[in-house]
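Single-structure report; data block below.
The numbers here are math on the coordinates, done by the rules we state, and not lab data. Fair warning: this is a prediction, and the values are worked out from it, not measured in the lab. A quick note on method: Cβ atoms are made from the backbone with ideal geometry, for glycine too, and the neighbour counts reach across all protein chains shown.
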Amino acid sequence: MNNQSPKIESCRAALVANGFEVFVAADPAQAKQIFFEQIFPPLKDGLISWGDSMTMEATGLLDALLADPQLNLLKTFDPTAERGEIMERRRQALLADLFLTGSNAVTLDGKLVNLDMIGNRTAAIAFGPKKVVLFIGRNKIVPDLVAAFDRVRNVAAPKNAKRHNMPTPCASTGRCHDCSSPQRICNAWTILDKCFPKERIKVVLIDDDLGL
């Protein structure tokens, strides 16, 4: 992509230097096109699963995957399945050939920062699935780790708690209280300084404000 913003280009270059494979899209539609044309073809025959990501959903690629009966999809958000079954599927997703999700924050020096309630998404990003694809809007790009922690605690987490109808203090006030609520969604952090093995994780940076 030409003419991307200096922030996008700086983040892209840093991620590449840290071993991630990076693609840049102008908007969600182009992100979907990049995925299906450049990333997906050699990976489509394996087991595919995904974690919660509004950014990924905004591209429309998940609907396209679900519409293809030939794909081997492991659905970890099936509303017809009981909680025990969903948890077992999330365990199985750690052995997927391809795992798709987003990121809570990415720093300008190319570090990925994520926070989970039960850790299935953060774990899968760090280890397990053979390949991981992350879809990240420009609003997730922050200067450094301090800003990343602040963004996750006081922007992403409160909005996600409210979105999932969790009765946590942050869902009411919009800021972190470092609570001890049984419904606390902030439990499992991951910070990826580098990608190992190199290019195991593919990042699609989208020059648009997407997700939480």
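Structural remarks
- Restricting the trypsin sites (Lys or Arg not before Pro) of the stretch 147-189 to loop positions (DSSP other than H, G, I, E, B) with no more than 16 neighbouring Cβ atoms within 10 Å leaves Arg175.
- Förster radius 41 Å - calculated FRET efficiency between Asn3 and Ile118, Cβ distance, rounded to 0.05: 0.50
- For the chain: relative contact order, % (alpha-carbon pairs under 8 angstrom, 6 or more apart): 30
- Per residue, the chain reaches -8500 deg cm²/dmol at 222 nm when only DSSP H runs of four or more residues are counted, each adding -39500 (n - 2.57).
- Taking every DSSP beta bridge that has both ends in the chain, the antiparallel portion is near 25%.
- Of the GluC sites (Glu not before Pro) in the stretch 22-111, those whose Cβ has at most 13 other Cβ within 10 Å and which sit in DSSP loop: Glu82
- Stretch in the chain that is longest and holds no chymotrypsin sites (Phe, Trp or Tyr not before Pro) that DSSP places in a loop and that have at most 13 other beta carbons within 10 Å: 128-212
- Stretch gain in nm, segment Ala26-Ser10, where the contour uses 0.36 nm per residue and the Cα spacing is subtracted: 4.2 nm
- Potential lengthening between Arg163 and Ala81 on full extension [0.36 nm per residue; Cα-Cα distance subtracted]: 27.5 nm
- Gain on full extension, evaluated as 0.36 nm per residue between Trp189 and Asn154 minus their Cα-Cα distance, stands at 11.1 nm.
- Start at zero, step by 5 Å, and the Cα-Cα distances of the chain spread as 1, 7, 15, 20, 21, 17, 11, 5, 1, 0 percent across the bins.
- Separation in nanometres of the label points that stand 7 Å from Cα toward Cβ, at Arg91 and Leu43: 2.5
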